[in-house]
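The values are calculated or read from the model by the stated rules, or taken from the named source; none is laboratory data. These figures come from a predicted structure and were not determined experimentally. For neighbour counting, all protein chains shown are included, and Cβ atoms are generated from backbone atoms with ideal geometry for every residue, glycine included.
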Amino acid sequence: MLDDLIDSPALLAGAIAVVSLLNYGVNLWILRAHRRQPFVEYWRPPADPGKARSDAAQLAVSLSLSAVAIVLTLLLARFGRELVGGGVFVMQVITLGSNVSDLLAVRSLGRSDAAEGHLRYSTGYRYRAGAARMAGASIVAGIVAVLFDSRPFLMGAVFLLATAVGWYRRARQAAVAARPV
């Protein structure tokens, strides 16, 4: 099935678009579920001037990678499509699984008997937790790539690992920004 997608630039581009939009929708659903539960509060620093301010707008920024991958998928030969388009598609599918897991976990906090007390996570924690999930997903994608000799899964693993590294970097930046002056 993955080979059929890679053989057709239009199908692969469409698949990337659909899974990216599904990820965006699930992420919006997660935000709504967070707002409805009373136990875990996420601290958000004030938005920087010139950057997207609303959560929905910040999540939409992540669609830019998908847009670039879609354009490249339509322009590249099969080998490049396999690496770039296939890798982004694998990354999006794995991220969708992680997002659905997060959604189900957050929704379970909506019950009044889910927890006692109140917890406030820092922005740095959010980035470290996301990075940890992406690093673990990268390992799984890498193992699948080796076991099945799959370049799309290998590139997906690389993209997931790069995302994890970026999120760890953001966690360090958030820790520095949160220090009292």
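Can you tell me which residues in segment 98-129 are exposed (fewer than 13 other Cβ atoms within 10 Å of the Cβ) and in contact (Cβ under 8 Å) with a residue 24 or more places away in the chain? Matches in segment 98-129: Gly117, His118, Leu119, Arg120. Only one of the numbered conditions (1) surrounded by fewer than 17 Cβ atoms within 10 Å (Cβ to Cβ); (2) over 21 Å from Ala174 (Cβ atoms); (3) modelled with pLDDT under 95 is not met by Ala57, and that is (2). For segment 8-52, residues that are part of a helix (DSSP H, G or I), in contact with a Ser or Thr (Cβ under 9 Å, 6 or more places away or on another chain) and either at pLDDT below 95 or polar (S, T, N, Q) (or both) total 3.
Yes/no matrix, rows are residues, columns are (1) more than 25 Å from Ala33 (Cβ to Cβ); (2) at pLDDT below 95; (3) more than 12 Å from the chain's Cα centre (by Cα):
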position: Ile70; (1), (2), (3): yes, no, yes
position: Arg81; (1), (2), (3): yes, no, yes
position: Ile94; (1), (2), (3): no, no, no
position: Gly97; (1), (2), (3): no, no, no
position: Val106; (1), (2), (3): no, yes, yes
position: Arg120; (1), (2), (3): no, yes, yes
position: Met134; (1), (2), (3): no, no, no
position: Gly142; (1), (2), (3): yes, no, yes
